[in-house]
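**Student:** Please see the structure below; I have some questions.
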Amino acid sequence: MTSTPISAPISVEQATQALRSILDPETGRDLVTEGWVRKVRVEPAAGGLTDISLEVELGYPANSLLDGLR
């Protein structure tokens, strides 16, 4: 895992918006619209970085999507 320093804090809303760019190759819809993003947490980390963690629940066997996320 790598971290990239940012100059301003990131909100949960900004992180969620960024997740909208990840598309399901089967439907062409993003993870948020599909309702798969369950929790998004944004916390300050050491060195002025931000930790973002999320829970994603896939609604169907999505092997092609899992391959894209690895």
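**Student:** Would you kindly derive the ³J(HN,Hα) couplings of the stretch 45-58 from the backbone phi angles with the Karplus curve 6.51 cos²θ - 1.76 cosθ + 1.60 (θ = phi - 60°), listing them in order in whole Hz, with x for Gly and Pro?
**Tutor:** 10, 4, x, x, 8, 10, 8, 10, 10, 8, 10, 10, 10, 7
**Student:** Sticking with this one: How many nm separate the modelled label positions at LEU58 and GLU26, each set 7 Å beyond the Cα in the direction of the Cβ?
**Tutor:** If labels sit at LEU58 and GLU26, their model points lie 0.8 nm apart.
**Student:** Given H placed 1.01 Å from N in the peptide plane, which residues other than close sequence neighbours of LEU31 have an amide H under 5 Å from its amide H?
**Tutor:** Under 5 Å from the amide H of LEU31 lie the amide H atoms of ILE22, ASP24, each far enough along the sequence or on another chain.
Any read-out appearing in this document is the output of simple, stated calculations on the displayed coordinates, not a laboratory observation. Note that the structure is predicted; figures quoted are calculated from it, not measured. Cβ atoms come from the backbone with ideal geometry, glycine included; neighbour counts cover every protein chain shown.
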